[in-house]
Amino acid sequence: MEAVVSWISFPTNEGLNHDLAIRRFCPARLEQELVGEWDETMNEMECFSFPHDTPITPHLDVSEVNDLVDSFINVDQYCENDDKYPGKQEAFNYFQEDIENFSIVNDVFADVSMVMEVDVRGLNEDFVAVPDMVPGVKEVSHGVNQGLHLVHLLLACAEAVGCRDTQLTESILAHIWDSAHPWGDSLQRVSYCFATGLQCRLLLLHNVNANGIFSNSTVDVSVMSREEKMDAFQLLYQTTPYIAFGFMAANEAICQAAQGKDSMHVLDLGMEHTFQWPSLIRTLASRPEGPPKLRITGLISSQNFSELEANMKVLVEDAKSLGMALEFNMISQPVTLSLLTRENLNLKEDEALFVNSIMHLHKFVKESRGSLKAILQAIKKLSPASLTVVEQDASHNGPFFLGRFLESLHYYSAIFDSLEASFPRNSLQRMKIEKLHFAEEIRNIIAYEGSDRTERHERADQWRRQLGRAGFQVMDLKCLSQARMMLSLYGCDGYTLASEKGCLLLGWKGRPIMLASAWQVHNVSSS
């Protein structure tokens with residue numbers, strides 16, 4: 001493994017190891033090491049000028065690089081290395097309970113199947129791969145050695161970008177493009193996405209202002225249409241358990257907290273689709289005590305008002321046929337403190353409120369974390385019966401660029417590996433999911449800073465701390481058996497499931513990917 005480090009070659013034709021390359025071509029790094037250790041700081045905007053008293057991205061020792069590379073190549077061993085990943089093996093052991101209460105699982109898959117039937121009829125031509133468009137396996141397949149070399153190139157390129165060395169970055173990127181490919185194996189594909197993110201960040205480096213602040217004002221945050229993004233999200237929902245898992249867990253938590261309540265109001269933060277609600281409607285309509293009166297309010301920041309309205313009209317009719325009264329409202333405003341009041345949301349005293357957030361609260365996480373705290377406290381003042389939170393279980397909001405890069409490379413390598421197990425390499429469905437969904441997330445994490453960086457994912461323990469400080473306590477989710485049954489229907493053995501301190505965690509080969517949790521306002525008098 002140590003010999004791999006020397007494989008990185010640059011236009012000088014000299015064999016340089018990973019750390020030596022950065023030291024040689026990044027004077028700022030060497031200067032900082034002479035000064036001493038870096039002090040970790042939190043700033044609202046990341047600074048790209050490096051005076052003596054300003055921390056920069058710390059480097060990796062050769063042993064750290066070897067461990068990282070080994071973890072990418074040997075994904076299956078993630079849970080076995082307790083010394084490298086303390087607590088993960090225990091957190092992701094398998095549970096032995098009997099499977100019970102399959103109604104929610106069946107509802108979720110009925111929804112997915114129904115959508116897939118419509119989509120396949122309408123998009124069949126788009127999803128048929130054209131053989132002569134796809135490179136042969138020999139053209140894009142790498143051996144283990146080449147895979148190791150590619151990971152080392154990515155790490156070296158990330159450090160070069162962190163040191164603002166555009167010449168070295170461009171040189172390493174040229175080598176990466178020779179190996180990474182969007183139609184290759186999972187490592188090549190994820191490397192292609194990360195290299196694209198690094199290239200975008202390199203362009204942004206030219207927009208550093210006179211004060212050394214990273215300015216994104218002249219670069220578009222997104223180059224894809226809302227329709228393309230929604231198409232990719234729908235495919236992800238239809239073909240993998242990542243989204244369906246969150247919907248199922250959130251709906252089960254809502255039904256659990258709604259027992260005995262005759263009138264319900266679900267407030268959905270950042271609603272962009274209606275995929276979650278058919279299952280909830282059917283479950284509530286089949287309650288032994290009879291269906292409740294249900295009102296759903298979507299806080300909408302995107303421009304798909306008419307499409308959502310049309311979809312919800314269909315759901316209203318479906319609920320009516322099941323004997324349940326459903327009312328749907330939309331508020332075309334982003335989630336803000338001023339909006340989160342009982343008056344603005346038209347909350348009623350006789351309704352039990354349920355706040356639902358599917359991969360939305362992380363957009364309020366900032367370096368100072370003050371924004372998220374204020375939003376959570378505003379939600380608490382609404383006195384909801386439950387707050388359901390589904391998020392990516394990852395640490396993508398660290399103060400240093402290199403740390404974020406490494407964390408996200410671990411995370412998305414596992415996701416791309418799961419897609420490799422579920423799709424052929426020439427699948428256009430897979431290409432759409434990777435290019436239009438995950439590549440966009442990667443680009444946002446890697447390339448952008450300040451308010452333009454919205455994909456600020458956090459680990460489950462960080463969510464527990466933040467929600468606890470805001471006055472919430474966790475509710476135990478009772479849908480582990482349903483979730484396990486759901487995973488078994490995907491016909492893929494790599495997905496893992498765990499329950500950790502009240503949160504339900506979905507992973508790939510032991511590596512956590514998604515978390516689902518439910519919370520209620522902490523009752524001090526009962527504690």
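Some points to look at:
- Taking each residue of segment 264-278 that is within 11 Å of I296 (Cα to Cα) and at pLDDT 95 or above and looking for partners that are outside any loop (DSSP other than H, G, I, E, B) and of a type in the set (K, R) with beta-carbon atoms closer than 8 Å, six or more apart or interchain, yields M264/K293; M264/R295; H265/R295; V266/R295.
- Residue tally, condition among the hydroxyl-bearing types (S, T, Y) and under 12 Å from C157 (Cα atoms), over segment 171-197: 3
- Single residue of I415, I442, I433, I446 found to be touching a Cys at 6+ places or on another chain (Cβ under 6 Å) and either in a helix (DSSP H, G or I) or open to solvent by 30 Å² or more (accessible area, probe 1.4 Å) (or both): I442
- Residue identified as at pLDDT 95 or above and polar (S, T, N, Q) among S179, S191: S191
- Whether a residue is out of contact with any Ser or Thr (no Cβ under 7 Å at 6 or more places or on another chain), of a type in the set (K, R) and open to solvent by 10 Å² or more (accessible area, probe 1.4 Å) was assessed, and R464 passes this test.
- Yes/no for A421 being in a helix (DSSP H, G or I), of a type outside the set (D, E), in contact (Cβ under 8 Å) with a residue 60 or more places away in the chain and surrounded by 21 or more Cβ atoms within 10 Å (Cβ to Cβ): no
- Flag for Q473 being at pLDDT 95 or above and not in a helix (DSSP H, G or I): yes
- Residues that are among the basic types (K, R) and either at pLDDT below 95 or open to solvent by 80 Å² or more (accessible area, probe 1.4 Å) (or both), drawn from segment 290-310: K293
- Total residues in segment 273-318, condition in contact with a Pro (Cβ under 7 Å, 6 or more places away or on another chain) and more than 27 Å from Q482 (Cβ to Cβ): 1
- Residue within segment 244-253 that is among the acidic types (D, E), part of a strand (DSSP E or B) and either modelled with pLDDT of 95 or more or within 23 Å of the chain's Cα centre (by Cα) (or both) present: no
- Residue in segment 210-223 that is over 29 Å from D493 (Cβ atoms) and modelled with pLDDT of 95 or more present: no
The values are calculated or read from the model by the stated rules, or taken from the named source; none is laboratory data. Bear in mind the structure is a predicted one, so any value in this text is a computation, not a measurement. Cβ sites come from the backbone with ideal geometry, for glycine too, and all protein chains shown count toward neighbours. Accessible surface areas use protein heavy atoms only, side chains included; no ligands, DNA or RNA. Shrake-Rupley method; radii C 1.70, N 1.55, O 1.52, S 1.80 Å.
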